[in-house]
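A.B. asks: Pasting in a structure now, in structure tokens, and then I'll have a few things to ask.
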Amino acid sequence: MYRNFLWKVLLDVVPVYPESQEFVMAQRKAEFQDLKEALRVTKIIDICTKQHLIFLAMWLLRKRRVKVDMAAQLESPLYRAMSTMAETMWHVLDVELKEEKLVDMYWISSGLFAHVEKLQKEVGKLQECTYTLLEKEDVELYKHLVKIDALHNLPYNSWFYSCFAGVICNGSIAKIWDKITVGAYRILVFVAVVTLTTLRRLLLRCENIDQVLDTINNITEETSEVIVNKAIESMQQSGTTQQVDMYFTKHS
């Protein structure tokens with residue numbers, strides 16, 4: 001019920017002090033309107049541009065990175081993942097087409113984009129830690145994925161940059177993003193490992209990377225909920241979390 005508001009606080013969209021929130025949101029709304037108008041005037045966006053792409057373009061403009069050929073810019077794996085996140089956000093927050101709601105969504109998206117930028121330098125460690133934890137949790141599955149040349153060729157960058165948007169169903173992904181809003185990026189390792197172990201029966205039948213990806217890309221809503229809950233539970237188990245923390249400390 002309060003996720004929208006809590007995310008705004010945690011992502012520094014609004015201050016914790018109630019007496020300041022109205023003023024700050026007025027400033028956020030003014031900046032939102034200025035950014036959107038600038039993109040419209042420069043013809044980087046038009047009436048046909050999808051709303052989630054407008055949000056990403058606004059964020060890029062605010063960071064002074066936007067290019068006139070935005071389509072080419074979105075070919076970057078990072079920005080493509082951010083676009084997927086922004087599109088997923090529509091379903092997570094159930095946004096109405098009212099300016100106040102759009103302002104909220106833009107600033108929440110911007111806050112998550114900032115976190116994704118920060119975790120860029122951690123992606124290599126997250127990937128290596130995924131290998132280590134999977135081998136410990138399910139050595140048979142680990143060896144099978146290595147044997148069919150799949151384990152090291154999974155789209156980890158896409159998974160981690162988008163915080164599993166487009167992989168985990170919209171109804172469950174907010175629980176992952178709750179962790180991201182407070183900088184707990186290591187939840188992504190647990191989601192990756194639990195996704196593989198939850199699908200182990202199907203994955204053990206796969207003979208190549210294409211079959212593995214096809215299995216992972218067709219996760220149901222029910223399975224998504226199971227994966228997310230098990231990932232959070234695993235993260236909360238002190239022993240497993242300490243192992244992940246030790247890995248990051250060792251490889252810092």
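A.B. asks: Looking only at the range 126-157, filter to residues that are open to solvent by 60 Å² or more (accessible area, probe 1.4 Å) and in contact (Cβ under 8 Å) with a residue 40 or more places away in the chain; which one of those is farthest from Val116 (Cα to Cα)?
C.D. replies: Glu140
A.B. asks: Something else: Would you be able to tell me the number of residues in the range 62-99 that are among the hydrophobic types (A, V, I, L, M, F, W, C), under 19 Å from the mean Cα position of the chain (by Cα) and not in a helix (DSSP H, G or I)?
C.D. replies: Residues that pass the stated criteria total 2.
A.B. asks: Could you tell me which of the residues Gly239, Gly183 is within 30 Å of Lys8 (Cβ to Cβ) and either surrounded by 12 or more Cβ atoms within 10 Å (Cβ to Cβ) or modelled with pLDDT under 95 (or both)?
C.D. replies: Unique residue meeting the criteria: Gly183.
A.B. asks: Scan the range 21-37 and report the pairs whose first residue is among the basic types (Lys, Arg) and whose second residue is open to solvent by less than 80 Å² (accessible area, probe 1.4 Å) and part of a helix (DSSP H, G or I), with Cβ atoms within less than 7 Å and a gap of 6+ or a chain change.
C.D. replies: The qualifying pairs are Arg28/Val103; Arg28/Trp107; Lys29/Val103; Lys36/Ile54; Lys36/Met58.
A.B. asks: If you don't mind, there's one more thing I want to ask. Please work out which residue is least open to solvent (accessible area, probe 1.4 Å), limiting yourself to the range 1-50 and to residues that are closer than 17 Å to Leu112 by Cα and among the charged types (D, E, K, R).
C.D. replies: This residue is Lys8.
Here's the yes/no breakdown for (1) in contact (Cβ under 8 Å) with a residue 40 or more places away in the chain; (2) in contact with a strand residue (DSSP E or B) (Cβ under 8 Å, 6 or more places away or on another chain); (3) over 23 Å from Tyr185 (Cβ atoms):
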position	(1), (2), (3)
Ile44	no, no, yes
Ser83	no, no, no
Ser109	yes, no, no
Phe113	yes, no, no
Lys121	no, no, no
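A.B. asks: Can you spot a residue in the range 90-97 that is aromatic (Phe, Trp, Tyr), at negative phi, surrounded by 14 or more Cβ atoms within 10 Å (Cβ to Cβ) and modelled with pLDDT of 90 or more?
C.D. replies: Among the residues of the range 90-97, not one is aromatic (Phe, Trp, Tyr), at negative phi, surrounded by 14 or more Cβ atoms within 10 Å (Cβ to Cβ) and modelled with pLDDT of 90 or more, which makes the answer no.
A.B. asks: Go through the range 186-214 and give me each residue that's part of a helix (DSSP H, G or I) and either among the basic types (Lys, Arg) or open to solvent by 30 Å² or more (accessible area, probe 1.4 Å) (or both).
C.D. replies: Of everything in the range 186-214, those that are part of a helix (DSSP H, G or I) and either among the basic types (Lys, Arg) or open to solvent by 30 Å² or more (accessible area, probe 1.4 Å) (or both) turn out to be Thr197, Thr198, Arg200, Arg201, Leu202, Ile209, Asp210, Gln211, Leu213, Asp214.
A.B. asks: From the list Ile232, Ile219, which one is in contact (Cβ under 8 Å) with a residue 40 or more places away in the chain, under 24 Å from Thr132 (Cβ atoms) and part of a helix (DSSP H, G or I)?
C.D. replies: Among Ile232, Ile219, only Ile232 is in contact (Cβ under 8 Å) with a residue 40 or more places away in the chain, under 24 Å from Thr132 (Cβ atoms) and part of a helix (DSSP H, G or I).
A.B. asks: Which one of the conditions (1) touching a Phe, Trp or Tyr at 6+ places or on another chain (Cβ under 7 Å); (2) closer than 24 Å to Ala184 by Cβ does Leu6 fail to meet, given that it meets all the rest?
C.D. replies: (1)
A.B. asks: Next up: Residue check, Met82 against (1) open to solvent by less than 20 Å² (accessible area, probe 1.4 Å); (2) over 25 Å from Ser172 (Cα atoms), all met but one. Which one?
C.D. replies: (2)
A.B. asks: Output the residue which, of all residues in the range 215-224 that are out of contact with any Ser or Thr (no Cβ under 6 Å at 6 or more places or on another chain) and over 18 Å from Asn153 (Cβ atoms), is least open to solvent (accessible area, probe 1.4 Å).
C.D. replies: The residue in question is Ile219.
The values are calculated or read from the model by the stated rules, or taken from the named source; none is laboratory data. None of the values given here were measured: they were computed from a predicted structure. Neighbour counts run over all protein chains shown; Cβ positions are idealised from the backbone, glycine included. Side chains included, ligands, DNA and RNA excluded: accessible areas come from the protein's heavy atoms. Shrake-Rupley method; radii C 1.70, N 1.55, O 1.52, S 1.80 Å.
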